[in-house]
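Working notes, structure below.
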Amino acid sequence: MSDSNDYALRAVGLRATFDRTDAVTDLSLDVRTGELLAILGPSGCGKTTSLRLIAGFETPSAGSLEIAGQLVAGPNGFVPPDRRGVGMVFQDYALFPHMTVRQNVEYGLRVAADRRRLADDALAMTGLAQLGDRPVHALSGGEQQRVALARAIAPRPRLLLLDEPFSNLDLALREQVRHELQQIVRETGITTVLVTHDQEEALSIADRVAFMARGRLVQVGTPEDVYLRPATIEVAEFIGDANLLYRPVDAGSVVTPLGRFPLAGAATAAEAAVVIRPEDLEVHAVSTDQVRDADPADPLHAAIATVVHREYYGHDQVLQVRLADDTLVRVRLGSRDKFTPGCLVAVTLRQPPLVLPRT
């Protein structure tokens, strides 16, 4: 059993209710010290409310919360945000436009005897050492994001909370800044909880991803876990690109033009979804003669398809192909081979797909 000191955050059964409606229900989550956890989900799923519960901006209507072993919310007490040792980066950064970069960073260090040194350290870590005297309003979006991060980490918080911190940046800058954030978190060892609706963001920088829907945690695992082994159809649909082939369940399995596949685990259902990632499919060109002469019992015959559409991206390409039963699936492959719409291809699976019950 893990020691409680291994965890920077422990939430048990947290609930947030507004106007008799639960925004968050039964939030139970452990975050290890030094870990970067991403809470991922669609808009309105409760992820920002969860972050506000952790920060202390909202009072839970049930459950308990510990930060670094200290009970900060529960039936017998509530610790306000300024006494939780938590740093927060808001979506709009919440900077003071009339202050300089250094003044913004020092704002949260008013009671620190060595505030100048702590501010300098935070500015250096975020690449702002030369911009301390510059007015915040004169900075670019990426620089303002770094100021907000520097202000949050300057007091050396026990926990860093980030609410959609990259959403206001363009794509290229977003990728650069989130990589810098990942490096800073690794170097400082600050436990971090990031809230985002961007699946690529969550998968690329988090140690673990917590997928949330309708106020509940649906699955928590490594990026590989939630992508390759989604717990539900909803997770498979939201995280990454997926072909979902809905089929009736017969004797514990489903039949598709690509083969018969068993339902996952001990699940039971009348209908299921075969989850196939586009990169798990392969295509090979075939001729009309090969199709005519194919043995009907041969899997190759069953997987004959027609290319309907092609999207070329340079680094890869995506084909839309029509299977024997008129099902359309997407296939992601390298950029070298050219398959034009109308050509015949044989479609094969690299590995057996996951089959999830439709509930």
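The values are calculated or read from the model by the stated rules, or taken from the named source; none is laboratory data. Predicted, not measured: the structure shown is a model, and the values here were computed from it. All Cβ positions, glycine included, derive from the backbone under ideal geometry; neighbour counts span all protein chains shown. What goes into the accessible areas is simple: the full protein's heavy atoms, side chains included, and nothing from ligands, DNA or RNA. Shrake-Rupley method; radii C 1.70, N 1.55, O 1.52, S 1.80 Å.
For this structure, a couple of remarks:
- With DNA, RNA and ligands ignored, accessible area of LEU349 (1.4 Å probe; Å², nearest 10): 40
- In the chain, taking the dipole from charged Cβ atoms about the Cα centre, the farthest positive-side position among GLY34, TYR7, PRO81 is held by PRO81.
- Net dipole in debye of segment 1-108 [+1 Lys, Arg Cβ; -1 Asp, Glu Cβ; about Cα centre; nearest 20]: 160
- Burial ranking of peptide ranges 262-269, 87-94 (average Cβ count within 10 Å, highest at the top): 87-94, 262-269
- Apportionment of accessible area to carbon and sulfur, the chain, percent (1.4 Å): 49
- Positive contributions from Lys and Arg (+1) and negative ones from Asp and Glu (-1), summed over other residues with Cβ under 12 Å from the Cβ of GLY46, come out at +2.
- Using the 1.4 Å probe convention, the accessible area of segment 26-131 works out to 47 Å² per residue with neighbouring protein chains retained.
- At 1.306 mPa s and 10 °C, Stokes D of the chain from Kirkwood alpha-carbon radius, µm² per second: 68
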